[in-house]
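Engineer: First, the structure itself, so that you have it in front of you.
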Amino acid sequence: MSRQNWEVVIGLEIHAQLNTASKIFSGASTAFGAEANAQASAVDIALPGVLPVLNKGAVERAIRFGLAIDAEVARKSVFARKNYFYPDLPKGYQISQFELPVVVGGQVTVRVGEGLSGENRAYDKTIRLTRAHLEEDAGKSLHEDFHGMSGIDLNRAGTPLLEIVSEPDMRSSAEAVAYARALHTLVRWIDICDGNMQEGSFRCDANVSVRRPGEPLGTRREIKNLNSFRFLQQAIDYEIQWQIDTIEDGGKIQQATVLFDPDTGETRMMRSKEDAHDYRYFPDPDLLPLVISEDWIARTRAAMPELPAAMRTRFEADWGLSAYDAVTLTASRDTAAFFEAAVAAAGAALAKPCANWIMGELAARLNKAERDITDSPVSPAQLAALVGRIADGTISNNAGKKVFDALWNEPDSVVDAIIEAQGLKQMNDSGALDAIVDEVLAANPKSVEEFRAGKEKALNALVGQVMKASRGKANPTQVNEVLRRKLGA
């Protein structure tokens, strides 16, 4: 069935695990990978007589996020008990926030469809946030290591989460993925979450519904625990089509929580969806209201880094980069820092070639080696020196790749020393170049005749012969100029 007569409505709930060393209400470690149940303290599993104590670092990170999205940081918020029972929630309730969350409102502007053209060209989309609240994580059920039974690992119980809830402002899976990616960048940028999706540090729940234009909102289904952007897109696209097909076949959508199966590419119902009243929220009697002072907010604001959106605008304004380049270079603070260090060493006039090398050759090498840019064998200063030698005509772009190879394999090497050792300098002797061009013209009368007859491609063959004769040391631009001059073009 076609989607043309349907409007899609999507909202996301994102759980970002805060990168504190200890849990939100206890001193137990949050380190990933420990032996099962080795980090589940008496507080985490609510043994009789224990009391939760709020982690100040978790609150600090929530404030940072609120400031980053231009939201209201609540001066007073309240923790509540969310009552439900799962095997991996031993207390029978989760400590969360309901009526008075720590962050209210805010917005994020994302770039959707970068790289596309025509009717599908890229556009900016502003997505409003409803709230972001602090809560504790539950444990984890383990099924794959057991036969006929399940195991429970409570190490994750009590880990601090910031649940980030958007308004239903997204109208396609592409917008949802762009928003999720933007938040993923942001929480790492302001250093509140490591963003490791494989370890569950950043998880997405997608609320999806469809309606005909002009109709009230349709019944939504929530897709739980999506831990990759690819799965997020696949799950939303499948769910959209399933809901449209169901309605057009005469069925009705029932509110439900569903899971996405990556193996089949399908969603399947997990349980009927609970509403807020099903959880029987009430203020946690063991925790006082959270009060955040104006001074604390001011101190946090003063310590905030320049945010990605502001940095992108500066990169475009100061260095003439395209929107695509600016988005790519601000995908992480480390990449942005590497780029700025390279430009500082090379000079502002070489910002664009520095960007090209970082996004091209360096990114490809890092990806192939599965290394982060902070672990790059080639430093910003070395990259700047390489770009400078290409710009001043000392070496060609192809020779630059050979220099880059040497820098990658010998991190302590020097650009000029590599150029000298490998004999990569371009030919700057105009007399020597003239002699080589004369020899090539004499040896290739057919190409000369074809060019003079109007076949422009014949010049490329002559350029290639000159480059071969000069062993790649001639400057291609100069070769082109000399050939045209001698051929009377």
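No lab work stands behind these numbers, since they all come straight from the coordinates. Note that the structure is predicted; figures quoted are calculated from it, not measured. Glycine gets a Cβ as well: all are built from the backbone with ideal geometry, and neighbour counts include every protein chain shown.
Engineer: Which one of Phe231, Phe282, Ala62 is farthest out on the positive end of the charge dipole of the chain, using unit charges on Cβ (Lys, Arg +1; Asp, Glu -1) and the Cα centre as origin?
Structural biologist: Phe231
Engineer: Can you sort Asp263, Asp372 from fewest to most other Cβ atoms within 10 Å of each residue's own Cβ?
Structural biologist: Asp263, Asp372
Engineer: While we're on this one: Apply the Karplus curve 6.51 cos²θ - 1.76 cosθ + 1.60, θ = phi - 60°, to the phi angles in region 458-474 and return the couplings in whole Hz, x for Gly and Pro.
Structural biologist: Once rounded to whole Hz, the list reads 4, 5, 4, 5, 5, 4, x, 5, 5, 4, 5, 5, 8, 6, x, 8, 6.
Engineer: What number comes out for the charge environment of Gln107, summing +1 per Lys or Arg and -1 per Asp or Glu over other residues with Cβ under 13 Å away?
Structural biologist: Net local charge, Gln107 excluded: -2.
Engineer: Return one number: the angle in degrees, 0 to 90 and rounded to the nearest 10, between the long axis of the Cα atoms of helix 333-346 and the longest principal axis of the Cα atoms of the chain.
Structural biologist: 30
Engineer: Here's something else I'd like to know. Roughly how many debye, to the nearest 20, is the charge dipole of the chain about its Cα centre, given +1 on each Lys and Arg Cβ, -1 on each Asp and Glu Cβ, and no other charges?
Structural biologist: 900
Engineer: Could you name the lysines in cross-link range of Lys352, using Cα to Cα under 29 Å and dropping any fewer than eight places away on the same chain?
Structural biologist: Answer for Lys352, where 29 Å is the Cα cut-off: Lys125, Lys368, Lys401, Lys402, Lys425, Lys473, listed by chain and number.
Engineer: Relative contact order for the chain: what percent, with Cα pairs under 8 Å and sequence separation of 6 or more?
Structural biologist: Relative contact order, the chain: 14 percent.
Engineer: I've got another one for you. Quick check on region 198-327: of the DSSP beta bridges with both residues there, what percent are antiparallel, nearest 5%?
Structural biologist: 75
Engineer: Expressed as an acute angle from 0 to 90° and rounded to the nearest 10, what is the orientation of the C-alpha long axis of helix 380-391 relative to the principal long axis of the chain?
Structural biologist: 30
Engineer: Neighbouring Cβ atoms within 10 Å as the yardstick, rank Leu483, Leu18 fewest first.
Structural biologist: Final ranking by Cβ density, sparse to dense: Leu483, Leu18.
Engineer: Place +1 on the Cβ of every Lys and Arg and -1 on the Cβ of every Asp and Glu in region 320-395, take the dipole about the Cα centre, and give the residue among Thr328, Trp357, Val343 whose Cα lies farthest towards its positive end.
Structural biologist: Towards the positive end, the residue furthest out is Trp357.
Engineer: In whole Hz, what ³J(HN,Hα) sequence does region 231-238 give by Karplus (6.51, -1.76, 1.60; θ = phi - 60°), x for Gly and Pro?
Structural biologist: 5, 4, 5, 4, 5, 5, 4, 5
Engineer: For Glu167, what residues show an amide H to amide H distance below 5 Å, using hydrogens built from the backbone and excluding near sequence neighbours?
Structural biologist: Here the answer is Arg128, Leu129, Thr130, since their amide H atoms fall under 5 Å of that of Glu167.
Engineer: If you don't mind, another one. Spelling out what I want: for every residue of region 100-113, take phi, set θ = phi - 60°, compute 6.51 cos²θ - 1.76 cosθ + 1.60 (Karplus), and round to whole Hz; glycine and proline get x.
Structural biologist: 10, x, 6, 10, 10, x, x, 7, 9, 9, 10, 9, 10, x
Engineer: Can you list residues from other chains, or at least 5 along the same chain, whose modelled amide H is less than 5 Å from the amide H of Ser172?
Structural biologist: Correct list: empty.
Engineer: I've got another one for you. Excluding same-chain residues fewer than 8 positions from Lys252, which lysines have a Cα within less than 16 Å of its Cα?
Structural biologist: Cross-link targets: Lys273.
Engineer: Could you tell me the distance between the Cα centroids of region 208-255 and region 336-411, to the nearest Å?
Structural biologist: The distance from the Cα centre of region 208-255 to that of region 336-411 comes to 45 Å.
Engineer: Relative to the longest principal Cα axis of the chain, at what angle does helix 397-409 sit, 0 to 90 degrees, rounded to 10?
Structural biologist: For helix 397-409, the angle is close to 50 degrees.
Engineer: Can you give the charge dipole size of region 170-269 about its Cα centre, rounded to the nearest 20 debye, using +1 on the beta carbon of Lys and Arg and -1 on the beta carbon of Asp and Glu?
Structural biologist: 280
Engineer: Can you find, among Ala256, Gln198, Thr219, the residue sitting farthest towards the positive end of the charge dipole of region 183-263, where Lys and Arg contribute +1 and Asp and Glu -1 at Cβ?
Structural biologist: Thr219
Engineer: Here is a follow-up. With a sphere of radius 11 Å drawn around the Cβ of Glu167, what net charge do the other residues whose Cβ falls strictly inside it have (Lys, Arg +1; Asp, Glu -1)?
Structural biologist: Net of charged neighbours comes to +1.
Engineer: Report the relative contact order of region 386-489, percent, no decimals, based on alpha-carbon pairs under 8 angstrom and at least 6 residues apart.
Structural biologist: 27
Engineer: Here is a further query. Can you give me the P(r) profile for the chain? Cα pairs, bins 10 angstrom wide beginning at 0, each as a whole percent.
Structural biologist: Reading upward from the zero bin: 4, 15, 21, 21, 16, 10, 8, 5, 2, 0.
Engineer: For Glu135, Glu340, what's the fewest-to-most ordering of other Cβ within 10 Å of each Cβ?
Structural biologist: Starting with the residue having the fewest Cβ neighbours, the order is Glu340, Glu135.
Engineer: Where a Cα-Cα gap under 16 Å defines reach, which lysines qualify for Lys140, not counting those fewer than 8 residues away within the same chain?
Structural biologist: Lys23, Lys91, Lys224
Engineer: For the ranges 232-245, 296-309, what's the packing order if you count other beta-carbon atoms within 10 Å of each residue, average per peptide, and put the highest first?
Structural biologist: 232-245, 296-309
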